[in-house]
1. Could you check which residue among Asp237, Asp74, Asp170 shows the biggest mean-square fluctuation in a GNM of the chain with a 10 Å Cα cutoff?
2. Defining a contact as two alpha carbons under 8 Å apart and six or more residues distant in sequence, what relative contact order in percent does the range 298-386 show?
3. Can you work out the accessible area per residue across the chain, with the rest of the protein chains kept in place, probe 1.4 Å, in square angstrom?
4. Could you please state how large a percent of the accessible area of the range 15-67 is carbon and sulfur, counting protein chains only and using a 1.4 Å probe?
5. Carbon and sulfur: what percent of the range 129-194's accessible surface (1.4 Å probe)?
6. Rounded, prolate or oblate: which fits the range 182-340, taking a ≥ b ≥ c as square roots of the Cα gyration tensor eigenvalues, rounded meaning a/c under 1.5, else prolate when a/b beats b/c?
7. Given the Cα-Cα distance of Asp199 and Glu34 and 0.36 nm per residue of separation, how much length would full extension add, in nm?
8. 222 nm [θ] for the chain, helices only, -39500 (n - 2.57) per DSSP H run of 4+, per residue, to 500?
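The values are calculated or read from the model by the stated rules, or taken from the named source; none is laboratory data. Everything numeric in this text was worked out from a predicted model, so none of it was measured. Cβ placement follows ideal geometry from the backbone for every residue including glycine, while neighbour counts extend to all protein chains displayed. Ligands, DNA and RNA are excluded from the accessible area calculation, which covers all protein heavy atoms including side chains. Shrake-Rupley method; radii C 1.70, N 1.55, O 1.52, S 1.80 Å.
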Amino acid sequence: MAASLKLKSGATARVLRGHPWVFANEVVELLPAEHDGGVVECRDAQGRFLGTGIYNCRSQIVWRRLSRERVALDEAYLRGALERAISRRDCRAGSPDPASEIAKAGSGSALQFRRLVWSESDDLPGVVVDQFGDTLVLQTQTLAMEQRLETLLALLDALVKPAEIILRNDASIRRLEGLPLEVKTRSGRAWAPRWVDIDGLDYWLDLQGGQKTGFYLDQRPQHAAVAKYAAGRRVLDAFCNQGSFALHCARAGAAAVRGLDSAAEAVEQARRNAERNHLHAEFLAANVFDYFTEQRDETWDLVILDPPPFAKSKGALAGAMRGYKEINLRALQRLTPGGVLATYSCSHHVQDVDFRAMLAEAATDAKRRVHILEFCHQPPDHPVLVTMPESEYLRGLILRVE
């Protein structure tokens, strides 16, 4: 009989409402450490079967569901999950043969830039795979998946046929699973940084040494969404990173473009990207909060706020909302009448209702009349599970300010 966890009597565990996680304080007792990385069942307080999942007693999240059925975390399961993940991104309505689409994805006939696997949303808890043309960037953030890493690598190689797979296992979340931090390639050879065309612009990508998986693929649709408001406007791209928003706005005919980022390395790369693409955009190393305070007389026609996550934990949410309000208030005060504010949050603890309420307060304090032009969320290649709010982290609004 398979090992199983049992929920406490009277528990209001979120797994009972469809969430794929069980926390250590929600179970009657933990299983011995010998089960860490293994597959165990979960049952409610009455003993009813809730599903099969991966276990790790060293993590606060002791159980992550794989399936509502009894399954083994073997090569067949991993292959099936990867095939479904790829087919979700490739298939269009009416496509008769998902398998042919998977083969096409690995054929090299067209360069793809997308998230290929998104953890629990693709039945692979702790696995994230981003595709940059012929290179995959893989993150494994759970012990069970780390123990099956060689199988994952072999399957990705067979299904996608990449030239290289980079293992970006340097996220601090791995420590919560008792895993070391490391960055390496499957081949053992260093991945040389290079120019890559993404959406018609050249970027200097360092997938092995850059931030996160090397490029923020989740904002690609937003670059185009914001750029359509840029023609003839003076644009400020705050928290610009490599300058993607700024470059798209410059290409769309903005009258002037300035990007700000506190990281000098990011600013230098943004300048390099602008020069490579023959676009006129200025980039400055600056703390965005301080910049708005010091440049009180400066106004803009379009401001983009795409900050790093302010709320990295639930306990940090209150302080994060004060930060979001302050930065949005300052942006609203600097916008010309009829100007546009594109504002985002990538903190999964910040829900839509929180973000809207924060912006309403900022608009009231700024004494500005603000209309919503567009609602913004992460793209379909970062699928959201309805029963797992944590799978949705990117949200934003494009606003007209009067």
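1. Evaluated over the chain, the most mobile residue of the options is Asp74.
2. Across the range 298-386, relative contact order equals 35 percent.
3. I get 44 Å² per residue for the chain.
4. Carbon with sulfur: 48 percent of the solvent-accessible area.
5. 50 percent
6. It is oblate, given that a/c is not under 1.5 and a/b is not larger than b/c.
7. Net length gain for the segment: 54.6 nm.
8. It comes out at -8500 deg cm²/dmol, rounded to the nearest 500.
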